[in-house]
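The values are calculated or read from the model by the stated rules, or taken from the named source; none is laboratory data. As the structure is a prediction and not an experimental result, all values here were calculated from the model. Positions of Cβ are backbone-derived with ideal geometry, glycine not excepted, and every protein chain shown enters the neighbour counts. Keep in mind that these areas ignore ligands, DNA and RNA; they rest on the heavy atoms of the full protein, side chains included. Shrake-Rupley method; radii C 1.70, N 1.55, O 1.52, S 1.80 Å.
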Amino acid sequence: MKITKAVIPAAGFGTRFLPATKAVPKEMLPIIDKPTIQYIAEEAIRAGITDMLIITSRGKDAIVNHFDRAFELETILERDNKHELLDAVREVSSRLDVHFIRQQEQKGLGHAVLYAKSFIGNEPFAVMLGDDVVDSEEPCIGQLMRQFEKCESTVLGVQRVGMEHVSKYGIVGCEDMGEGLYKVNTMVEKPKPTDAPSDIAVLGRYILTPGIFGCLEKTPKGAGGEIQLTDGIVMLGETEDIYAYNFEGRRYDIGNKQGFLQATVDFALKRPDLRDEFADYIIKIADSLR
Ligand code: G1P
């Protein structure tokens, strides 16, 4: 079955980036000149997603505006023959149907995903977390979709993170099936290194079957007092197979300041219009730090 819908939870407060996120949603903070949520939307488009549901909350209207048409601005850019900018402003909204729903209370990632139940209906779908931006040849969510075609079951996007980082993630205990695919036996949300079944972490990309909704409805509060998507997936695993796929690509944790800085520098160095001058600058700085 072809996956055409993606869910993007974007209701969090963004406390790690205060005061920037007091009035601006964290998903709108730019890496260079593009809001971070647009990188997620572009990954979805490249993978063939046609409908995206963004779970927002109060104070996040800038996200809604970003994916809307901006007629005054577009008219002026058109009049002034600024076609490149016009394309940049129009691109995503013309290639993707973006839908919104507001999470009324912040009760965790599992609770947020449950808001997608009627939008998704009875089909498999993607979940993409905005704090994880993946730079890869084949879009990360597309890699998981390709695995889904083979196993027709839930597929989680994973990479090894090292035991010192396991307490930040959902960690899987699994069996290696070869070619990057694992069969998941257990999953723990943010374990201590001593309790972690491995250092293989779920990094913000999921293909889920609709069975997840019934599980999330029954999932009690877990780590951090929140309804965890991880716990819902563990419950789903009681009746369905769960797989994990070690996706190719460099993943940036942009919910973290170091990760955000690294993404900004790396993305700038990949941009033909910025690369040369910026590389010279970085080399100069690096020399002065030696
Ligand atoms: C969430 C998930 C966690 C996952 C992580 C990936 O945690 O709960 O399982 O590993 O995203 O970034 P959060 O970072 O929102 O605390």
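For I31, the requirement of being touching a residue at least 40 places away in the same chain (Cβ under 8 Å) and closer than 18 Å to V98 by Cβ is not met. Quick one: count up the residues across segment 61-92 that are free of Cβ contacts under 8 Å to residues at least 12 places away in the same chain, under 22 Å from I37 (Cβ atoms) and open to solvent by 90 Å² or more (accessible area, probe 1.4 Å). Of the residues in segment 61-92, 5 are free of Cβ contacts under 8 Å to residues at least 12 places away in the same chain, under 22 Å from I37 (Cβ atoms) and open to solvent by 90 Å² or more (accessible area, probe 1.4 Å). When residues in segment 242-290 are screened for being of a type in the set (S, T, N, Q) and open to solvent by 100 Å² or more (accessible area, probe 1.4 Å), 1 of them pass. Those strands (runs of 3 or more DSSP E) of segment 111-226 in which at least 1 residues are under 30 Å from V265 (Cβ atoms) and either touching a residue at least 60 places away in the same chain (Cβ under 8 Å) or open to solvent by 20 Å² or more (accessible area, probe 1.4 Å) (or both), considering only elements entirely within it, cover 125-128, 132-135, 154-160, 170-178, 200-208. The set of residues from segment 102-136 being over 16 Å from T230 (Cα atoms), within 12 Å of the ligand (Cβ to nearest atom) and in contact with a helix residue (DSSP H, G or I) (Cβ under 6 Å, 6 or more places away or on another chain) comprises G130, V133, V134. Being open to solvent by 60 Å² or more (accessible area, probe 1.4 Å) and either farther than 20 Å from A268 by Cβ or of a type in the set (G, A, S) (or both) is the requirement here; does T56 meet it? Criteria not met by T56. Would you confirm whether any residue within segment 245-255 is in a helix (DSSP H, G or I), under 19 Å from the mean Cα position of the chain (by Cα) and among the hydrophobic types (A, V, I, L, M, F, W, C)? There is no residue in segment 245-255 that is in a helix (DSSP H, G or I), under 19 Å from the mean Cα position of the chain (by Cα) and among the hydrophobic types (A, V, I, L, M, F, W, C). Selection of first residues in segment 244-255 that are touching a residue at least 24 places away in the same chain (Cβ under 8 Å) and away from the ligand (no atom under 11 Å from the Cβ) and of second residues that are open to solvent by less than 20 Å² (accessible area, probe 1.4 Å) and in a loop (DSSP other than H, G, I, E, B), restricted to Cβ pairs under 8 Å at least 6 apart or on distinct chains, gives the following pairs, ordered by first then second residue: F247/S136; E248/S136; G249/S136; R250/S136.
On inspection, G214 passes the criterion of being away from the ligand (no atom under 15 Å from the Cβ), within 27 Å of T50 (Cα to Cα) and out of contact with any Gly (no Cβ under 6 Å at 6 or more places or on another chain). The C-beta contact set for segment 269-290 (first residue acidic (D, E), second residue modelled with pLDDT of 90 or more and open to solvent by less than 100 Å² (accessible area, probe 1.4 Å), distance under 8 angstrom, 6+ apart or interchain) is empty. Scanning segment 70-110 for residues that are farther than 22 Å from T56 by Cα and either assigned to a helix (DSSP H, G or I) or aromatic (F, W, Y) (or both) yields a count of 15. Just to verify a result, which residue in segment 29-38, among those that are open to solvent by 30 Å² or more (accessible area, probe 1.4 Å) and modelled with pLDDT of 95 or more, is farthest from the chain's Cα centre (by Cα)? My answer is I32.
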